[in-house]
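The structure appears below as structure tokens.
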Amino acid sequence: MPRDLLRNAPRLVRERGLDRTLIIDADVHHISVIKFLGQFMDAPWRRLFETLPVESLAPTDPADRRVAGRIKRPPIPSPDPTDPARAAHALVADLARIGVDYSVIFADDLLTLSLHPDRRFQTAVARAYARWLTECILPQEPRIKAMLYLPMVDPDASLALIHEFGDAAGVVGFQVNLVGLDQFYVDGCARVYAAAEERGRAVGFHSTGHWPRFPMFETFLGAHAISFPAFNAMCLINWVWSGMCERFPRLRCIFFEAGAAWIAMLMARLDRVYRMRPEDAPCLRRLPSEYMAECFYTVQPLEQPESAEQLRLLFARIGSGQVLYASDYPHWDFDMPYSLSRLSFLSRAEREDVLALNAIRAFGLRREELSLVEWKREAAARAPRGACVDENLITEGPA
Amino acid sequence: MDWRAVCRCDDVTAEAVTVVEVDGVEVGLVRVGGTITAFENICPHQAGPVCDGEVMGPVEVLLDSDRRMLDERFAAHRRILICPWHGYSFDVATGECITDRKIHLRRWKVREDDGVVYVTVPGTRAAHRGQEGSNAT
Ligand code: FES
């Protein structure tokens with residue numbers, strides 16, 4: 001019988017005093033769903049999903065993320081068509097053990113859906129996913145929040161999806177998957193962004209380390225290293241030059257999962273070229289970096305430079321008020337919430353912002369409706385605050 | 001020194017880590033050459049159960065005289081323990097991380113006597129840090 005791989009986590013959460021700190025995980029990918037979505041589709045797509053192994057239709061990536069079995073995770077229950085919320089409850093239970101109180105999920109296998117060449121397929125899956133979430137998961141599991149997939153190849157379909165599902169309880173925003181996009185549909189999708197802004201919902205931009213999109217690399221490691229920051233940067237460049245922050249000043253946008261260093265690089269580079277050619281970006285009234293400083297970022301996997309000073313400078317440039325904690329669990333490069341304790345240059349209040357309060361702003365949540373998971377509530381009631389017994393236990397990066 | 005019997009010597013192999021529990025602390029035992037090394041089962045990266053990971057040789061590359069890659073194989077002269085959470089790899093002889101020499105596993109003192117493996121039981125983490133071979137971070 002395999003041993004419980006998460007068994008060390010609750011102790012670390014307690015030792016770091018995080019058992020009384022609200023933690024919102026902005027990016028969790030626990031559930032692969034495409035093959036279970038047939039029942040949420042209308043004919044004729046439903047028939048296709050019922051007659052074929054749907055995995056064979058979804059875009060795949062030949063990369064081995066488990067490094068030939070070296071990396072292991074607790075078994076993930078598959079969504080059960082007769083009890084769709086079971087896998088969601090299991091997800092919440094796993095995440096509660098690492099200290100997470102609320103999770104914003106996005107299905108694993110939808111991360112590459114934008115690579116599918118058939119826009120009707122993308123749209124059918126997007127709509128079925130929204131139905132599955134809003135009918136079966138979100139009403140049953142209040143600790144899960146979700147971003148819906150937007151099939152941006154089809155702005156009309158994206159808009160319809162926002163109108164139909166955007167106000168459902170637990171929906172906190174919409175995801176644009178970058179890896180399949182040859183254009184970023186910034187201007188052509190203005191109506192979509194306007195609809196998200198009107199509803200007070202966030203728009204997230206998320207990439208993945210998809211090796212076939214980077215055939216110039218001989219190893220997956222090369223594609224993984226550059227894919228996330230490259231796609232985020234390409235999207236953000238279009239976003240800034242198109243003046244989207246001027247046109248949609250209340251729209252909260254979030255860039256996911258590319259670390260922190262690319263943000264500072266891009267700020268410096270865009271400011272440099274903008275000063276020389278403002279005519280190319282006539283919507284802008286300020287420096288690009290000022291708009292970028294208003295976006296939100298999940299910075300997992302956070303870089304591990306030799307010196308804490310380098311991280312401090314990155315956070316100062318981005319602004320700790322714009323950083324959201326995200327585990328990316330259960331992916332192979334996930335970050336535990338207590339790994340943030342190495343950000344010793346942040347005050348306790350700033351760390352709490354990163355762990356929860358920034359996410360509350362970004363996703364438009366209400367603090368008074370959020371509570372600690374049960375074991376943390378009990379722990380907080382039993383023991384006094386304090387007592388980080390061993391600050392040196394985690395030695396990743398600079399202490 | 002407080003030595004605790006934890007298992008039989010035959011239970012400890014070079015192929016995998018044998019995890020035992022001493023006063024609520026998990027310790028992994030692995031045979032290296034003729035001796036046994038003992039590590040606390042907590043990874044210095046993000047506290048994963050490192051001793052639940054695989055033990056194997058690191059992958060090495062063979063180059064020909066033109067320095068073209070001929071082949072890859074598991075190194076025979078060295079064994080590593082790979083943490084199942086993110087794949088950090090530690091030399092089982094020393095506990096040192098092979099990709100980040102600043103970090104290493106906490107080692108516990110261990111001895112074999114009459115077919116039985118004994119480890120020391122430090123009273124506190126602070127005491128443990130003062131011991132030979134442990135992380136002095
Ligand atoms: S916790 Fe061991 S490699 Fe990350």
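The values are calculated or read from the model by the stated rules, or taken from the named source; none is laboratory data. Bear in mind the structure is a predicted one, so any value in this text is a computation, not a measurement. Every residue, glycine as well, gets a Cβ built from its backbone with ideal geometry; the counts of neighbours run over all protein chains shown. Heads up: the accessible areas ignore ligands, DNA and RNA and are worked out on the full protein's heavy atoms, side chains in. Shrake-Rupley method; radii C 1.70, N 1.55, O 1.52, S 1.80 Å.
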### Query
If B:Ala47 passes every condition in (1) of a type outside the set (Val, Ile, Thr); (2) farther than 22 Å from A:Arg7 by Cα; (3) free of Cβ contacts under 8 Å to residues at least 24 places away in the same chain but one, which one does it miss?
(2)
### Message
Tally up the residues in the range B:88-109 that are more than 10 Å from the ligand (Cβ to nearest atom) and either in contact with a Leu (Cβ under 6 Å, 6 or more places away or on another chain) or of a type in the set (Phe, Trp, Tyr) (or both), please.
### Response
3
### Task
Spot the failing condition for A:Gly170; the list is (1) at positive phi; (2) touching a Gly at 6+ places or on another chain (Cβ under 9 Å), and only one is missed.
(2)
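If a residue has to be open to solvent by 30 Å² or more (accessible area, probe 1.4 Å) and either within 14 Å of chain B (Cβ to nearest Cβ) or assigned to a loop (DSSP other than H, G, I, E, B) (or both) to count, how many in the range A:60-87 make the cut? Quick ask: steps written out before the conclusion?
Applying the first criterion (open to solvent by 30 Å² or more (accessible area, probe 1.4 Å)) to the range A:60-87 yields A:60-62, A:64-70, A:72, A:75-78, A:80-83, A:86.
Add one more test, that the residue is either within 14 Å of chain B (Cβ to nearest Cβ) or assigned to a loop (DSSP other than H, G, I, E, B) (or both), and what stays is A:60-62, A:64-70, A:72, A:75-78, A:81-82.
Residues flagged as open to solvent by 30 Å² or more (accessible area, probe 1.4 Å) and either within 14 Å of chain B (Cβ to nearest Cβ) or assigned to a loop (DSSP other than H, G, I, E, B) (or both) within the range A:60-87 amount to 17.
Identify, please: which residue in the range B:10-35 is part of a loop (DSSP other than H, G, I, E, B) and either touching an Asp or Glu at 6+ places or on another chain (Cβ under 9 Å) or open to solvent by less than 10 Å² (accessible area, probe 1.4 Å) (or both) and is, among those, nearest to the ligand (Cβ to nearest atom)?
To start, the set of residues in the range B:10-35 that are part of a loop (DSSP other than H, G, I, E, B) comprises B:12-17, B:23-24, B:33-34.
When the remaining residues are screened for being either touching an Asp or Glu at 6+ places or on another chain (Cβ under 9 Å) or open to solvent by less than 10 Å² (accessible area, probe 1.4 Å) (or both), the result is B:12, B:16-17.
Working: B:Val12: 22, B:Ala16: 17, B:Val17: 13 Å.
Within the range B:10-35, the match that is nearest to the ligand (Cβ to nearest atom) is B:Val17.
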### Task
Check A:Val299 against each of (1) surrounded by fewer than 21 Cβ atoms within 10 Å (Cβ to Cβ); (2) within 17 Å of the chain's Cα centre (by Cα) and name the one condition it does not meet.
(1)
### Task
Could you tell me which numbered condition A:Glu135 fails, if it satisfies all but one of (1) open to solvent by less than 20 Å² (accessible area, probe 1.4 Å); (2) touching a Pro at 6+ places or on another chain (Cβ under 9 Å)?
(1)
### Query
Only one residue in B:Thr99, B:Thr120, B:Thr35 is polar (S, T, N, Q) and within 14 Å of the chain's Cα centre (by Cα), so which one is that?
B:Thr35
### Task
Given the conditions (1) at pLDDT 95 or above; (2) surrounded by fewer than 20 Cβ atoms within 10 Å (Cβ to Cβ), report the number of the one that A:Arg127 does not fulfil.
(2)
## Note on the structure
Matching residues in the range A:207-261 (open to solvent by 20 Å² or more (accessible area, probe 1.4 Å), closer than 19 Å to A:Leu181 by Cα and part of a loop (DSSP other than H, G, I, E, B)) number 4
### Query
Can you pull out the residues in the range B:43-87 that are open to solvent by 40 Å² or more (accessible area, probe 1.4 Å) and either within 15 Å of the ligand (Cβ to nearest atom) or in a loop (DSSP other than H, G, I, E, B) (or both)?
B:Glu54, B:Ser65, B:Asp66, B:Arg67, B:Arg68, B:Ala76, B:His77, B:Arg78, B:Arg79
### Message
Show the residue pairs meeting these rules: Cβ distance below 9 Å; 6+ apart or different chains; first residue within the range B:71-89 and among the basic types (Lys, Arg); second residue within 16 Å of the ligand (Cβ to nearest atom) and assigned to a loop (DSSP other than H, G, I, E, B).
### Response
B:Arg78/B:Pro58; B:Arg78/B:Val92; B:Arg78/B:Ile98; B:Arg79/B:Pro58; B:Arg79/B:Val92
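Just one of A:Asp94, A:Asp19, A:Asp42 is assigned to a helix (DSSP H, G or I) and more than 14 Å from chain B (Cβ to nearest Cβ); which is it?
Result of the check over A:Asp94, A:Asp19, A:Asp42: A:Asp19.
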### Task
Return yes when B:Ala38 is open to solvent by 10 Å² or more (accessible area, probe 1.4 Å), away from chain A (no Cβ under 14 Å) and not β-branched (Val, Ile, Thr) and no when it is not.
no
### Task
Write out, first by first residue and then by second, each pair whose Cβ atoms fall under 8 Å of each other, whose residues are 6+ apart or on separate chains, and whose first residue, in the range A:297-311, is of a type outside the set (Val, Ile, Thr) while the second is open to solvent by less than 40 Å² (accessible area, probe 1.4 Å) and part of a strand (DSSP E or B).
A:Tyr297/A:Ile254; A:Tyr297/A:Phe255; A:Tyr297/A:Val323; A:Tyr297/A:Leu324; A:Gln300/A:Asp27
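If I ask for residues that are in a helix (DSSP H, G or I), more than 12 Å from the ligand (Cβ to nearest atom) and modelled with pLDDT under 95, which ones from the range A:329-348 would you list?
A:Leu340, A:Ser341, A:Arg342, A:Arg348, listed by residue number.
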